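Accompanying notes for the structure given below.
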Amino acid sequence: MTLFHRLVLLIVSICAVASAEPCTNPAKRKAWHTLTNAEKSAYLNAELCLMKKPANLGLPGAKTRFDELQAIHQLQAYATHFVGAFLPFHRMMMHAHESALRTECGYTGYQPYWHEQMDAGKFSRSTILDPTYGFGGDGSRTTGCITTGPFANYTNSLGPGYEITNHCINRRISDAISAVSSQAQVNACLAMTTFETAWPCIEGQPHTGGHAGIGGQMQNGVSSPGDPLFYLHHTWLDKVFWDWQARDRAARVSRIAGTNIGPDFSPGFPPRPSNIPKPKGADGDPGTTTTMGHVLNMYGNGPNKTIADVMDIQGNYLCYEYVEP
Ligand SMILES: *[C@@H]1O[C@H](CO)[C@@H](O)[C@H](O)[C@H]1NC(C)=O
Ligand SMILES: *[C@@H]1O[C@H](CO)[C@@H](O)[C@H](O)[C@H]1NC(C)=O
Ligand SMILES: [Cu+2]
């Protein structure tokens, strides 16, 4: 074999590795209530581990790694809600959280989701609120603070809203509001035929069910990731988004739309303080419309990626699937 032939062989084998099927063995994201008690404990313990790990990114007010993930949301709430990037942004945030659990806290499972339709209208009786194999129950009627479960004594350092204060995780469960996490609402969104209608549908009713049905910190549009239930809720919404995309996969993983300019104020959202600039579009978008080049800013909690990188959950960057309950 001549040197030339060796070189050609080398180049061919490098190309073969680089073009290898990127996602052949997708991770399985499962519904919380289908996990074994051992799997539930492993997840809860990994979250507690993030709550004990000191912050290391220098983000304002954050004391732990859990807080730093919350900060991603607090720092850009008005730039990531009511905009085209809402669904891809939260998908990326779920991935950043899942990666932190796995790489920093030895978690070997994947991010579970809360199959909320099974609990719609009766959140208060959900097994996800179990004090031992779950997230603990409702807030106390006097203090609002949760008093049961593994996170009962966690001190949130970020929130409520844009504030940086020490406080408990609080909840005020409403079974009535939780009814909008119903299968009927999910079906209505899945039936939408364009991104322009599917995204506001998902951001509307099923999204509100998990946030306002749990209440307290979860209901705060800015600081909601201070309640670890946030990740179970938004992973479910990500599943709804993916179920919608999968109905016409090629088209729906390759196109995004919507404004990238958040509103000045939205009901249910704490007002944006004057020191937080009004979102004026994002890096990677040439104008005021959300594009595939839009950069999803993780504030150092893992890499930034573009919307194009995360539109397919079995693409070049993400590699997971949702297991039906
Ligand atoms: C929270 O603190 C109370 C009072 O100190 C204690 O009884 C309880 O076991 C603690 N719960 C957890 C989950 O650490
Ligand atoms: C992530 O994106 C933001 C906004 O575009 C940018 O300011 C920041 O430097 C980026 N961070 C990294 C690690 O690339
Ligand atoms: Cu959000």
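The values are calculated or read from the model by the stated rules, or taken from the named source; none is laboratory data. Note that the structure is predicted; figures quoted are calculated from it, not measured. Quick reminder, even Gly has a Cβ in these numbers, built from the backbone with ideal geometry, and neighbours come from all protein chains shown. Ligands, DNA and RNA are excluded from the accessible area calculation, which covers all protein heavy atoms including side chains. Shrake-Rupley method; radii C 1.70, N 1.55, O 1.52, S 1.80 Å.
Within region 288-306, can one find any residue that is of a type in the set (D, E, K, R) and either assigned to a loop (DSSP other than H, G, I, E, B) or at pLDDT below 95 (or both)? Looking for residues that are of a type in the set (D, E, K, R) and either assigned to a loop (DSSP other than H, G, I, E, B) or at pLDDT below 95 (or both), one finds none in region 288-306, hence no. Checking each residue in region 307-325 for being under 20 Å from ARG249 (Cα atoms) and in a loop (DSSP other than H, G, I, E, B) picks out MET311, ASP312, ILE313, GLY315, ASN316, TYR317, LEU318, VAL323, GLU324.
Scanning region 30-50 for residues that are hydrophobic (A, V, I, L, M, F, W, C) and within 17 Å of the chain's Cα centre (by Cα) yields a total of 5.
Is at least one residue of region 83-98 surrounded by fewer than 22 Cβ atoms within 10 Å (Cβ to Cβ), within 13 Å of ligand 3 (Cβ to nearest atom) and at pLDDT below 95? The answer is no, given that none of the residues of region 83-98 is surrounded by fewer than 22 Cβ atoms within 10 Å (Cβ to Cβ), within 13 Å of ligand 3 (Cβ to nearest atom) and at pLDDT below 95.
For every residue, the table says whether it meets (1) within 17 Å of the chain's Cα centre (by Cα); (2) under 24 Å from TRP32 (Cα atoms); (3) modelled with pLDDT under 95.
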| position | (1), (2), (3) |
| --- | --- |
| CYS145 | no, yes, no |
| THR155 | no, no, no |
| SER181 | yes, yes, no |
| LEU190 | no, yes, no |
| ALA198 | no, no, no |
| HIS207 | yes, yes, no |
| LEU229 | yes, yes, no |
| HIS233 | yes, yes, no |
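Looking across region 138-187 at every residue that is closer than 18 Å to ILE128 by Cβ and of a type in the set (Asp, Glu), the one that is farthest from ligand 2 (Cβ to nearest atom) is identified as ASP175. Scanning region 286-316 for residues that are open to solvent by less than 20 Å² (accessible area, probe 1.4 Å), touching a strand residue (DSSP E or B) at 6+ places or on another chain (Cβ under 9 Å) and more than 10 Å from ligand 2 (Cβ to nearest atom) gives THR290, ILE307, VAL310, ILE313. Criterion applied to SER274, SER266 was being open to solvent by less than 40 Å² (accessible area, probe 1.4 Å), among the polar types (S, T, N, Q) and assigned to a loop (DSSP other than H, G, I, E, B), and the one residue passing it is SER266. In the condition set (1) open to solvent by 20 Å² or more (accessible area, probe 1.4 Å); (2) out of contact with any strand residue (DSSP E or B) (no Cβ under 9 Å at 6 or more places or on another chain), PHE230 is compliant with all but (1). Checking each residue in region 59-77 for being out of contact with any Asp or Glu (no Cβ under 8 Å at 6 or more places or on another chain), open to solvent by less than 20 Å² (accessible area, probe 1.4 Å) and away from ligand 1 (no atom under 16 Å from the Cβ) picks out ASP67, GLU68, LEU69, GLN70, ALA71, ILE72, HIS73, GLN74, ALA77.
Please tell me if ILE256 is open to solvent by 10 Å² or more (accessible area, probe 1.4 Å) and either part of a loop (DSSP other than H, G, I, E, B) or within 16 Å of ligand 2 (Cβ to nearest atom) (or both). In short, yes. Of all the numbered requirements in (1) within 16 Å of ligand 3 (Cβ to nearest atom); (2) in contact with a helix residue (DSSP H, G or I) (Cβ under 7 Å, 6 or more places away or on another chain), ILE173 misses one, and that requirement is (1).
Mind checking whether some residue in region 136-159 is basic (Lys, Arg), open to solvent by 40 Å² or more (accessible area, probe 1.4 Å) and in contact with a helix residue (DSSP H, G or I) (Cβ under 7 Å, 6 or more places away or on another chain)?
no
Taking region 99-124 as the range and being open to solvent by less than 20 Å² (accessible area, probe 1.4 Å), away from ligand 3 (no atom under 16 Å from the Cβ) and touching a strand residue (DSSP E or B) at 6+ places or on another chain (Cβ under 7 Å) as the test, only PRO112 passes.
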